[in-house]
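A short write-up of the structure that comes next.
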Amino acid sequence: EGGAGTYSDGKLYTRSKKRGNIKRILEIMVAHGATDEILFDAHPHIGTNKLPKLVEALRESVKAAGGEIHFNTRVIDFIIDNHEMNGVITEHGDKLKGESVILATGHSARDIFELLHSRNVFMEAKPFALGVRVEHQQNLVDRIQYHCADDRGPYLPASSYALVHQAKVEGRERGVFSFCMCPGGFIVPAATAAGEIVVNGMSPSRRDSRFANSGIVVTVEEGDFKTYSKYGPLAGMYFQKEIEQRACEVAGKTQTAPAQRLVDFVEKRTSSSLLETSYQPGLASVNLREVLPAFITESLRQGFRNFGEKMKGFLTNDAQVVGVESRTSS
């Protein structure tokens, strides 16, 4: 039980006006243990370290209302009658029926996607985004954002950024943007199967790590994975999976992640050495051209150059990129 915080990856922070009663959701989280600062902070943040207790309290509320929670219970099939899904079958053989079935799959339940496809439940491929994590010293980001000569001092929070650029590759425009920016945070492993590398970011409640990191990702359209069309609506998933497996292969077949210093990446050089990192399994110096498709690496290079113009000091070899940030959405 746990997860990322409210602001850091947008689970509850949204600019959209079509997402329902956001205030109500924040109030529910406060009632279950979140600080009431999230009710008025422009960038509400709970902290990955504090979320488990909150989620545990939410679980107790569900149980108090008559709900059931089944841990270590995998769904292996659906109960479908007259084209209506009204239940699931678990690995233990239990049949759980209800008026409705909500599949809260997140972005990594590939077995459920495969099951839906095998049961002829209608699905569509959709665009998503894929790229890398970029990691700077938090102090560097603070100096850029606060225009301070040295330390930001005790009264200012760890600074963040939001960046976007329209790259032009092979005559097409592609969005390159920051995603899940984690000030004072950590890069963490997020693979869900053996033989793949997936990275994500998190910030503890105090945001007191020496590092800042953010996903920098490129939009991927359906036409980009047409060579996987034999997989039907799951084509994008297999495109994504192959990149994750390649990242693992070239970085040494462990959870060591492929990485490159930022300027080296932009200038297409393999880094002779890497920097200290918050990513605990460690990094391997790899030219990320061996991992990512050419349209993604070229889009990222253009994006990083643009970000360096918008934030003087951002484009530096005192920062590094870590691959791969591939689970941006379902």
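The values are calculated or read from the model by the stated rules, or taken from the named source; none is laboratory data. Keep in mind that this is a model prediction, so the values were computed, not measured. Neighbour counts are summed over all protein chains in view; Cβ atoms, including those assigned to glycine, are modelled from backbone coordinates with ideal geometry. Keep in mind that these areas ignore ligands, DNA and RNA; they rest on the heavy atoms of the full protein, side chains included. Shrake-Rupley method; radii C 1.70, N 1.55, O 1.52, S 1.80 Å.
Is it possible to state the helix-based mean residue ellipticity at 222 nm for the chain, with each DSSP H run of 4+ residues giving -39500 (n - 2.57), the sum divided by total residues, to the nearest 500 deg cm²/dmol? What is it?
-7500 deg cm²/dmol
Can you classify the stretch 258-330 as rounded, prolate or oblate using the Cα gyration tensor, where a ≥ b ≥ c are the square roots of its eigenvalues, rounded means a/c under 1.5, and otherwise it's prolate if a/b beats b/c and oblate if not?
rounded
Apply the Karplus parameterisation 6.51 cos²θ - 1.76 cosθ + 1.60, with θ equal to phi minus 60°, to every residue of the stretch 113-122 and state each ³J(HN,Hα) to the nearest whole Hz, in sequence, with x for glycine and proline.
Here the 3J(HN,Hα) series is 4, 5, 5, 4, 5, 5, 8, 6, 7, 5 Hz.
Charges on Cβ only, +1 for Lys and Arg, -1 for Asp and Glu, centred on the Cα centroid of the chain; of G93, T192, A257, which one is farthest towards the dipole's positive end?
A257
Run the accessible area of the stretch 198-277 with a 1.4 Å probe and give the carbon-and-sulfur part as a rounded percent.
Heavy-atom surface of the stretch 198-277 belonging to carbon and sulfur, 1.4 Å probe: 45 percent.
In Å and from the alpha-carbon atoms only, list the Rg and Dmax of the chain.
Looking at the chain, its Cα Rg and Dmax stand at 21.1, 68 Å.
Taking θ = phi - 60°, what integer Hz values does the Karplus form 6.51 cos²θ - 1.76 cosθ + 1.60 yield along the stretch 275-284, in sequence order, with x for Gly and Pro?
Result, ordered by residue: 8, 4, 9, 7, 7, 5, x, x, 10, 10 Hz.
Quick one: compute a quarter of the convex hull surface over the Cα atoms of the stretch 213-299 and quote it in nm².
The directionally averaged projection comes out at 6.3 nm².
Could you look at the stretch 101-171 and say what percent of its accessible area is carbon and sulfur, using a 1.4 Å probe and all protein chains?
55
For a protection proxy built on the mean count of beta-carbon atoms within 10 angstrom, sort 207-215, 72-80, 246-254 highest first, please.
Order by mean packing, descending: 207-215, 246-254, 72-80.
Just Y279, Y155, Y146 to compare: in a GNM of the chain, with alpha carbon springs under 10 Å, which one fluctuates most?
Its mean-square fluctuation being the largest, the pick is Y155.
If I take the Cα coordinates of the stretch 164-276 and project them onto the principal axes, what are the three extents in Å, biggest first?
Extents along the principal axes: 46, 34, 34 Å.
Over the chain, give the accessible area per residue in Å² for a 1.4 Å probe, as an integer.
Per residue, the chain has an accessible area of 52 Å².
First select every other residue whose beta carbon is under 14 angstrom from the beta carbon of E170; then total the charges, Lys and Arg +1, Asp and Glu -1.
0
Out of residues 5 or more away from L283 or on other chains, whose amide H comes under 5 Å of its own, with H placed 1.01 Å from N in the peptide plane?
Sorted by chain and number, the residues that satisfy this are A257.
Which order, highest average first, do 55-66, 257-268, 311-322 follow once you tally other Cβ atoms within 10 Å for each residue and take the mean per peptide?
With the highest mean Cβ count within 10 Å placed first, the list reads 257-268, 311-322, 55-66.
Taking just the alpha carbons, could you work out the radius of gyration and Dmax for the stretch 25-67, both in angstroms?
Final numbers for Rg and Dmax: 11.0, 35 Å.
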